[in-house]
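The values are calculated or read from the model by the stated rules, or taken from the named source; none is laboratory data. Computed from a prediction, not measured in an experiment: that's the story for all the values here. For neighbour counting, all protein chains shown are included, and Cβ atoms are generated from backbone atoms with ideal geometry for every residue, glycine included. What goes into the accessible areas is simple: the full protein's heavy atoms, side chains included, and nothing from ligands, DNA or RNA. Shrake-Rupley method; radii C 1.70, N 1.55, O 1.52, S 1.80 Å.
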Amino acid sequence: MTASSNLIINNSNPFEGKVSIPGDKSITHRAIMLSSLCNGTINISNALISDDCQHTINVCRELGANITIKEQIISVKGRGLNSLKKPKNKLYAGNSGTLMRIISGILAMQDFSSTISGDESLNTRPMKRIEDPLKMFGANIISENSMPPLLFKPSQNLKAISYTNNLPSAQVKSCLIFASLFVDGISVITEKIKTRDHTERLLEYLEYPISIKNNMINVSGKKSFKCKDLTIPSDISSAAFFIVAALIRKDSKLILKNIGLNKLRIGLIEILMEMGANIKIANQSIVCNEPIGDIEVQYSELKPINISGEKISTLIDELPILFIACATCKGISEFHDIEELRFKESDRIKSMEDGLNVLGIKTSSTTNSLKIFGDSFNGGIIDSNHDHRVAMSFIVAGTISKKPITVLNTKNISTSFPNFKNTINSIGAEVYEI
Ligand code: S3P
C-alpha cells in the first residue's frame, strides 16, 4: 500500500469460502523475545510477519540475537539470558505498544544503557504503568512525563518483587514477568483481573520454572529454557474482522482455520453468540500450550448487547469491530468500563464514534462508556486516525453500506495484517486504493 493508503469500499456480494488468517501478533512478539533469551535456536512457524513484529525482530537483533526469516518461519538463535549486548543504535518500536512495554522488562534489567522510542502515536502512549513497577525491581528509567522515549541505565540494586497489577494489562504483566527472569529469587505478580496469558504459557512450554495459581504468578529468576520449536496459532483478533463480516452480510458463510482460542481472548465469540450469532468451533486441539480450532461462521440476525467489567479484557482489541456489529443491530448496545480504549493506537472510543456518526449511526459516550443506536450505514469518508483496527473495522462496515465508504490513513493495517485488503477481496469484497 502507498504512504497514506486511502481505501474505498463498495457494497459486497455474500462472503463464502476459507480464509487464511495470519499468526497471532501477541504470541509472535513474545516468541521472538523469549527465543532471543534461549541458548540455542528456536524456529517459529506461522509467525506474524508484520511491521510491529519486524520491529521486535530488529530490536532483538540489536540486542545480539541472530534472527533469519524464511517462508513465514522465523529462526532465532539466542545465547542465553545473560548474553544480551549493548545496542549500537537507539531502539525503535514503531507503532507497537506491546513491543515497547514488554521489552522494557528486559532492557531495564541489563548492565548496559539503552533507549527506546516509537512513532508519533506510540510516543504519546502512557508508560507509567510499567515504569512504576520496574522501579520497584530497582530499575533506573528516565523519561519525560512517563512517555517514550524511555532511557534505561544499569542499576546495582535489582531484586525480586511482589506486585499486584490493578490495571488489566497483559503488556504490563508480561513486562514484569520478563523482568523477573533477570533477578535472583522468586517474583510474585498478581493480577486483579486476568488478562491474556501467552507469556506464562510460552514459559511453561519452554520448561522455565513458573507457577500460576488463580491470579498469582510466581517466576523464578536466572533459570534456563529448553529450546523447542514453536508454532503460532492464527490471530483471533485478525479473524474477528472476518467473523463479523460474515455475520452482517446476508447469505455469507466463512471458515477460518487454526485460530487461537485462548479462553482469555475469546470474549468476542462468546458475546457474538449471546447476540445470536451462528458460530461453530471444530477440530479443537492444543499447539505449543495454546488451544486452537476452526471457526465456522454464518450470517445471523444479531441482537444488541450490554457489556461491562471483567469481560472487557477478553475482547479489548475486538471492541472496534464489535461496535460495527452492534451498529447493525436493531436497538441500543452499551459498553461500560472501556476507558483503556482511549489509550490504544488511537483514542478508539473517539475514532469509532466519529466514524459511526459519519455513517449515520447515533452514539453517545462518557470517558469510559459508549452507547450505540443501531441502524443501517450510509456511505461517507472516515479517518481511521492511523489505527489499524479502526481502519479494518470500517472496511468491514463498507461491505454492507448503502453507498461506498472511504477510509483514510489505512497504512498501519500492515502493523497486524499486511495482506488484509487482498484477503477480504479474495472472498468477494471490493476494496480499492484511491
Ligand atoms: C496485548 C495486550 C493488550 C492489547 C494489545 C496486545 C499484548 O494491551 O490491547 O493489543 O500482547 O499483551 P494492554 O496490555 O494494554 O491491555
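Among the lysines, select those whose C-alpha is under 18 Å from the C-alpha of LYS90, and discard any that sit fewer than 8 residues away in the same chain.
Within the straight-line limit of under 18 Å, LYS90 reaches these lysines: LYS153.
When the chain is treated as a GNM, springs tying every alpha-carbon pair under 10 Å, which of MET33, MET109, MET216 comes out with the largest mean-square fluctuation?
MET216
Any idea which of LEU91, SER26, LEU261 is furthest toward the positive side of the dipole for the chain, if Lys and Arg beta-carbons carry +1 and Asp and Glu beta-carbons -1?
Highest projection toward the positive end goes to LEU91.
Can you work out the accessible area per residue across the chain, with the rest of the protein chains kept in place, probe 1.4 Å, in square angstrom?
Each residue of the chain exposes 38 Å² on average to a 1.4 Å probe.
Can you check what the Kirkwood hydrodynamic radius comes to for segment 30-81, Cα pairs only, in Å to one decimal?
This gives a value of 10.5 Å.
Scale the Cα Rg of the chain by the rule-of-thumb value 2.2 N^0.38 Å and send over the ratio, two decimals.
For the chain, the normalised Cα radius of gyration comes out at 0.96.
For segment 310-429, count all C-alpha to C-alpha pairs, find those more than 17 Å apart, and express that count as a whole percent of the total.
53
Answer with one residue from SER384, ASN145, PRO304: the one whose Cα lies farthest towards the positive end of the charge dipole of the chain, charges on Cβ with Lys, Arg +1 and Asp, Glu -1.
Checking the options against the dipole of the chain, the answer is ASN145.
Taking the Kirkwood radius as the inverse of the mean 1/r across Cα pairs, report the Rg/Rh of segment 352-391.
0.97
Distance check, please: which entries in LYS159/LYS411; LYS192/LYS411; LYS222/LYS263; LYS85/LYS194; LYS253/LYS311; LYS70/LYS194 exceed 32 angstrom between their Cα atoms?
In this structure, LYS159/LYS411; LYS192/LYS411; LYS85/LYS194; LYS70/LYS194 exceed 32 Å between Cα atoms.
List the aspartates and glutamates whose Cα lies under 15 Å from the Cα of LYS303, skipping any in the same chain that are fewer than 8 positions away.
Output for LYS303: GLU270, GLU274, GLU334, ASP375.
Test of understanding: express the Cα radius of gyration of segment 93-176 as a ratio to 2.2 N^0.38 Å, with N the residue count.
Working it through for segment 93-176, the quotient is 1.00.
Calculate the all-directions average of the projected area of segment 383-434's alpha-carbon convex hull, and give it in nm².
The orientation-averaged projected area of the Cα hull of segment 383-434 comes to 3.3 nm².
Roughly what % of DSSP beta bridges within the chain run antiparallel, to the nearest 5?
Counting only bridges with both partners in the chain, antiparallel ones make up about 75 percent.
Please compute P(r) over all alpha-carbon pairs of segment 231-314, binned at 10 Å starting from zero, and give each bin as a whole-number percent.
18, 50, 28, 3
To check my understanding: the extent here is largest minus smallest coordinate of the Cα atoms along each principal axis. What are those three numbers for segment 302-346, in Å, largest first?
Largest to smallest, the principal-axis extents are 29, 21, 14 Å.
Mind listing the Cα extents of segment 232-389 along all three principal axes, in Å, largest one first?
41, 35, 27
As a test of the formula, what do you get for the chain when each DSSP H run with n ≥ 4 contributes -39,500 (n - 2.57) and the sum is divided by the residue count, at 222 nm and rounded to the nearest 500 deg cm²/dmol?
Value at 222 nm, helices only: -8500 deg cm²/dmol.
Computed from the mean reciprocal separation of all distinct C-alpha pairs, what Kirkwood hydrodynamic radius does segment 113-267 have, in Å?
Hydrodynamic radius (Kirkwood, Cα only) of segment 113-267 equals 17.9 Å.
How large is the Kirkwood hydrodynamic radius of segment 1-130, counting all unique pairs of alpha carbons, in Å?
In segment 1-130 this quantity evaluates to 16.3 Å.
Would you calculate the volume per residue, in Å³, of the smallest convex hull containing every Cα atom of segment 101-146?
Spread over its residues, the Cα hull of segment 101-146 gives 73 Å³ apiece.
Kirkwood Rh over Cα pairs of segment 1-62 into Stokes-Einstein at 37 °C, 0.692 mPa s: D in µm²/s?
My calculation gives 226 µm²/s for D.
Net charge within 13 Å of LYS88 by Cβ-Cβ distance, Lys/Arg positive one each and Asp/Glu negative one each, not counting LYS88 itself?
+3
With label points built 7 Å along Cα→Cβ from the Cα atoms of LYS88 and ILE434, find their separation and express it in nm.
Inter-label distance under the simple model: 4.6 nm.
Leaving out ligands, DNA and RNA, and with a 1.4 Å probe, what % of the accessible surface on the chain is carbon or sulfur?
On the chain, the fraction of accessible area on carbon and sulfur atoms equals 47 percent.
What is the Cα coordinate range of segment 205-266 on the first, second and third principal axes, sorted by size from largest, in whole angstrom?
Result, largest extent first: 55, 28, 12 Å.
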